[in-house]
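Only the coordinates and a few stated rules stand behind these numbers; no lab work does. Note that this is a predicted model, so its numbers are computed, not measured. Reconstructed Cβ throughout: ideal geometry from the backbone, glycine too, with neighbour counts over all protein chains shown.
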Amino acid sequence: MKPPVFEYHRPGSVAEALDVLAQTGHDGKVLAGGQSLVPLLNMRLAAPAHLVDVNWLGELDQVPCDAGGVRVGALARHARVEHDPGAAEAVPLLGQAIGDIAHTTVRNRGTVVGSLVHADPAAELPAVLVLLGGTMELASAGNRPRRVAAADFFVGPLESALRPGELATAAHFPRPPAGSGSAWVELARRHGDYAVCGVGVLVALDQGLRVSSARAALISVGPVPVPVDLTDALAGQPHDAADWAAAGRLAAAAVDPEDDIHASAAYRRHLAGVLTARAARSAAAAAASRLEASA
Amino acid sequence: MTTRTMGEPIPRREDPRLVAGDGRYLDDLGRGALAAAFVRSPHAAARVVDVDVSRALEVDGLVAIYTYEDLEGPMAEPLPLLIPHPRLHAGRTAYPLANGVVRHVGEPVAMVVARDRYLAEDACERIAVAYEPLAPVVGLDAAVAAERAVHDDVPDNVAAHMVQEHGDARAAVAAAPHRLELDLSIERSASMPLEGRGVYARWDAADRSLRVYSSTQTSTSVRFALAVKLGVPVDRVEVVAPDVGGGFGVKIVHPWPEEVLVPWAAIRLGREVKWAEDRREHFVASAHERGQRHHVSVGFDDDGRLLGLDVEFLHDNGAYTPYGIIVPIITATQLLGPYKPGAYRAEFRSLYTNTVIVTPYRGAGRPQAAFAMERTMDAIAAYLHRDRAEVRSANFIQPSEMPYDHHLTFQDGRPLVYDSGDYPATLDKIKKLVGWDEFEAFREEARAAGRRVGIGLACYVEGTGVGPYEGAHVRVETNGTVVVATGLTTQGQGHETAFAQVAAEALGVPVERVTVVTGDTRRFKYAVGTFASRAAVMSGNAVALAAGKVRAKALRIAAEALETDPDDLEVADGMVRVKGAPEREIALETVAVLANPLRYAFDEQTKLATQFVVGRGAEDPPVAEDDEPGLEATDWYSPVRSTFANGMHAVVVETDPETAEVRILRYCVVHDCGRLINPRIVEGQIHGGVAQGVGGALYERMVYDENGQLLNASFMDFLMPYASEVPKVETDHLETPSPLNPLGIKGAGEAGTIPGAAVLAAAISDAEGFFIDTMPISPSELWALREKEDG
Ligand SMILES: Cc1cc2nc3c(=O)[nH]c(=O)nc-3n(C[C@H](O)[C@H](O)[C@H](O)COP(=O)(O)OP(=O)(O)OC[C@H]3O[C@@H](n4cnc5c(N)ncnc54)[C@H](O)[C@@H]3O)c2cc1C
């Protein structure tokens, strides 16, 4: 379990990084937290000829928050975002979901943007980005940075819309509308494992604390995060007594999971329903308490 | 005044070093050594047609590539079958490197030696092996069907077939008023030590001697095996087990292919060579255990008392049988636990499959045995609508019936005779600890809150401390240090602490003065190894006996010096004193000086000991004819048979009505391993054992596909429990001394693991209201069972 030979680059600026990436093209890979890439190298499942280490690009280690939401720079580690008060206020779902990523040691190294680019169908953050309708910011030498919507970014298992030579510089997580609340619920075999099934739910309430809209995004039940609109099942119902099971049924019907060594497809579909119902209930409760707090 | 050390929960002295990262494990040694790596079969069954190394030769830093063609003499023969048995009629072992055929994914085909491991792996990748794949035998069904054979000359795939019987069990079952038939299965798991296997060899060409460091549970036997395989005289071979990062059984197997090949290459190349196993190699090229399927026929009376018990089981031994049939023999004989079975019959077939070999893993056949027996007890109780504890109690061997002869033959070839134990008292304690009688009230309360809970109980008896022998050497140095050496190895069990306690107590010195050396053949050459919960019993008693001899010698010499009778002396706190006249005393280190008359004085201490001052008569030789210099002794402990520890686990679980997740609310253990040397160490052993028991019950399995590929060969998909999955363990002890050994102790190393699958299956069944007959169980599987129950 030793990686094959590669050339190591440590650019000192984003511009320099983009130049190296442009030169190495298909043969180059960005090294961020290394929590996913290094195991792949060691198992010789990936063998890039060049590694471009972005860990020295302090300019990417930013998590600015504003009225629009949270912009997570490419070097911001999971742990930093998880505990960032501004991010928690603007997009509570970020911290809720990150808490279920691996363990502290992994979260201290792994980056939010790295996780998004890696596009693991069992990873939490792609679902969060999809649920919130966020965007990825991608830069490359000689071109204008491009923005790709979450819905277009996740293409397949471990496959994103990132092109060779591109660096993902940030991910933008929009602030959910006032009066909404969120929850993340997942089931993992062991504490910190990738989820057998996971779901994020965003519920918006009206002034009478009735559901006005609700959306979910599920992981580990398809090649990419599966968005599900739950509004039909919940709209107009009280925040503390809606037909959560109906929301669950919508989710279960929307997913197309597969059997694997940890769980059957049928069980995963069952979980999609159960966990969506649970998450919707919590999200509605969170929305209500936010509304009450601001009232 | 003597400070007691036996029985004290003193902290493990090895921990500060190991916990702070100061351990010296195999891969910490031999920094400058060449690295070995192996080309391993990607097929479960194939003929090796050709090995083309030409592209590998381009790798800069490559030193050598070896295949079977390069092996000669004993190296070209199959590896030893370590424990032959008359019932193992078709035992087969592997060659160090594949000889034309591979029989499991991971079998080594070629060895590469290079400047470092990176380059060695580069070269491995460039070696092109042409295989002609064969259809593999995977799983017990395929092995039994025998449409294909793992070994051409074993067409039915049966390596061993064995029956043990006492009474006419089938007749007894047939004649019983009540009968049940059960099919009970357990899947594979593995020892999975955090440090894999590893070997580092140094050949001294001028001295013609070989030093081998191996991450092994038996350095003494590796030494003999290497001498035979490599054709090096035994006295030119030294084997050292450095710090070993866990063994749990897998490292008692030896010599592994890599364990002979690395020193062999070191000799051929005249260079140091090292190999440290990586995790994927450990999954596919070391050993697994537990895969067994049992059919139980049981006959019983109205009280649930066993009248006849007839157990047939199939054991999947993987591709080879280097460790013989120890595991199924243990299942067959330990299944009886604390019970009188009436008539008993156990029959097993041990079958070849194209999978990794099966050798003992902590518990070694007992977790399967406890699962079969304890599920049977639960089934009987359910059938009779009786309390599960009551049914067990009706079958207990009573303390007054000890020693109890089962009229069977145990794994050591000796009669299966329990030496002592108080099962009714153990049951009382566990019921009290878990609150057995109050559980129904808790269940109702939980049910009212929409929660599902269940309770389970499982008992076991464990034969521990198997022979044939262990020895120890104890020496008092002239600075007062006491050095204890045993040939037995250590893998984190706390031997440095426990053996120091035994020696300190036997010798009458403070425990801090005692240092312990284990597993180094330079220091002690004869030993068996650390397995089968035997170290404390075997080496513990040997240390006590050797220390006793040293003490006797110290008293004799001190008596001369103090001009008194040895019987009037005692040793306490490192001083030999006249009883009742403590001012007349002599320090043990001074006795050590007196014990060794010297020619040369090189410090103040030794000036006292030259032949010119030691007080023997001018006509007497400085060392008496029947004496030896030095205050030291060696002694041995060899028991007539094993001693039997026992225990009971009780568990409360909660199952999620929707997701079928299982949460352990309480995990209680009552344990009787005779006299305790150090309760803290015993607790630690129980905690670790429970962690592995929980792992085997709820998380771990080896997932082979129909092609014999192990689908979860990494820590990402093989789910060893984290600390967060292991429950808090509540323990209580009984101390029923063993009458078989001087210290009255029994083994404790494996106990915590044994009833894990049984007790969790019982508790989950109790929560769910249906019978679970297969372990481990995942939430997905539990949910599927619910769906089936609900129709
Ligand atoms: C034991 C363990 C458990 C884990 N459990 C979970 C879990 O439960 N949920 C979960 O979501 N994740 C989990 N992970 C993965 C973890 O979240 C990783 O941190 C994350 O997947 C990748 O982030 P990274 O910064 O480490 O990326 P790296 O490993 O450095 O890179 C991953 C991939 O993304 C590319 N990349 C990274 N950053 C950029 C960039 N800025 N621009 C372009 N390409 C880039 C790399 O080239 C590489 O292909 C686990 C990891 C481990 C080791």
With the label point 7 Å along the Cα-to-beta-carbon line of A:Ala15 and a cut-off under 17 Å to each amide N, the hits in region A:141-164 are A:141-145
Rg(Cα) / (2.2 N^0.38 Å) computed for region A:1-175, rounded to two decimals
0.97
Would region B:468-637 count as rounded, prolate or oblate if I go by the C-alpha gyration tensor, calling it rounded below 1.5 in a/c and otherwise prolate when a/b exceeds b/c, oblate otherwise?
prolate
Could you give the size of the charge dipole of the protein assembly as shown about its Cα centre, using +1 on the Cβ of each K and R and -1 on the Cβ of each D and E, expressed in debye and rounded to the nearest 20?
860
Need one number: nm distance between label points at B:Asp183 and B:Asp141, each 7 Å from Cα along Cα→Cβ, rounded to one decimal.
0.9
Give me the extension gain from B:Arg115 to B:Lys432: residue separation times 0.36 nm, minus the current Cα-Cα distance, reported in nm with one decimal.
108.0 nm
Regarding region B:333-420, what are the three Cα extents along the principal axes, ordered largest first, in Å?
44, 31, 24
Hey, could you get me the Stokes-Einstein D for chain A, Kirkwood radius over alpha-carbon pairs, 4 °C and 1.567 mPa s, rounded to whole µm² s⁻¹?
66
In the neighborhood of B:Ala227, defined by Cβ-to-Cβ distances under 14 Å, what is the net charge if each Lys or Arg adds +1 and each Asp or Glu adds -1?
+3
DSSP bridge orientation in the protein assembly as shown - percent antiparallel, rounded to nearest 5
80
Karplus 3J(HN,Hα) series, Hz, for region B:671-684 with 6.51 cos²θ - 1.76 cosθ + 1.60 (x for Gly, Pro):
9, 10, 10, x, 5, 8, 6, 8, x, 5, 5, 4, 4, x
Backbone HN-Hα couplings from phi across region B:510-525 [Karplus 6.51/-1.76/1.60, Hz, Gly and Pro as x]
x, 4, 5, 7, 9, 10, 10, 10, 10, x, 10, 5, 6, 9, 7, 9
I'd like the Karplus ³J(HN,Hα) series for region A:114-126: coefficients 6.51, -1.76, 1.60, θ = phi - 60°, whole numbers in Hz, and an x wherever there's a Gly or Pro.
x, 5, 5, 5, 5, 6, 6, x, 9, 7, 6, 5, x
Pairs of alpha carbons in chain B whose separation is greater than 38 Å (percent):
44
Percent of Cα-Cα pairs per 10 Å bin, from 0 to the last occupied bin, for region B:297-372, please list those.
19, 46, 24, 10, 1
Pop the C-beta distance of B:Val234 and A:Val106 into the FRET formula with R0 = 60 Å and round what comes out to the nearest 0.05.
0.80
Within a 10 angstrom radius of each residue's Cβ in A:259-270, how many Cβ atoms of other chains show up on average? Whole number is fine.
5
Least to most buried among A:Ile101, B:Ile329, B:Ile764 (fewest other Cβ within 10 Å first):
A:Ile101, B:Ile764, B:Ile329
Quick query: amide H of B:Glu462 versus all other amide H atoms, modeled in the peptide plane; which residues come in under 5 Å with a sequence gap of 5 or more or a different chain?
B:Ala645, B:Asn646
Once amide H atoms are placed 1.01 Å from N in the peptide plane, what residues at a sequence separation of 5 or more from B:His288, or on another chain, have their amide H within under 5 Å of its amide H?
B:Ile357, B:Val358, B:Thr359
Taking a virtual spin label 7 Å from the Cα of A:Ala265 along the C-beta vector, which residues in region A:122-140 bring their backbone nitrogen under 18 Å of it?
A:122
Scattering profile of region A:180-294 at q = 0.13, 0.19, 0.22 Å⁻¹ [log10 I(q)/I(0), Debye over alpha-carbon scatterers]
-0.45, -0.85, -1.06
So how strong a dipole does region B:16-91 carry about its Cα centre when Lys and Arg Cβ are +1 and Asp and Glu Cβ are -1, to the nearest 20 debye?
480
Exposure proxy check on B:Phe524, B:Phe248: fewest-to-most Cβ neighbours within 10 Å is B:Phe524, B:Phe248
Given H placed on each backbone N at 1.01 Å, which residues far from B:Val101 in sequence or on other chains put an amide H within less than 5 Å of it?
B:Val48
Highest to lowest packing among B:740-748, B:552-560, B:668-676, scored as the average C-beta count within 10 Å:
B:668-676, B:740-748, B:552-560
For a quick check: sort B:Tyr118, A:Tyr267 by the number of other beta carbons within 10 angstrom, fewest at the front.
B:Tyr118, A:Tyr267
For B:Ala174, the net charge from surrounding residues (Cβ-Cβ under 10 Å; K, R +1; D, E -1) works out to 0
For the protein assembly as shown, take every pair of Cα atoms, bin their distances at 20 Å starting from 0, and report each bin as a whole percent.
11, 35, 35, 16, 2, 0
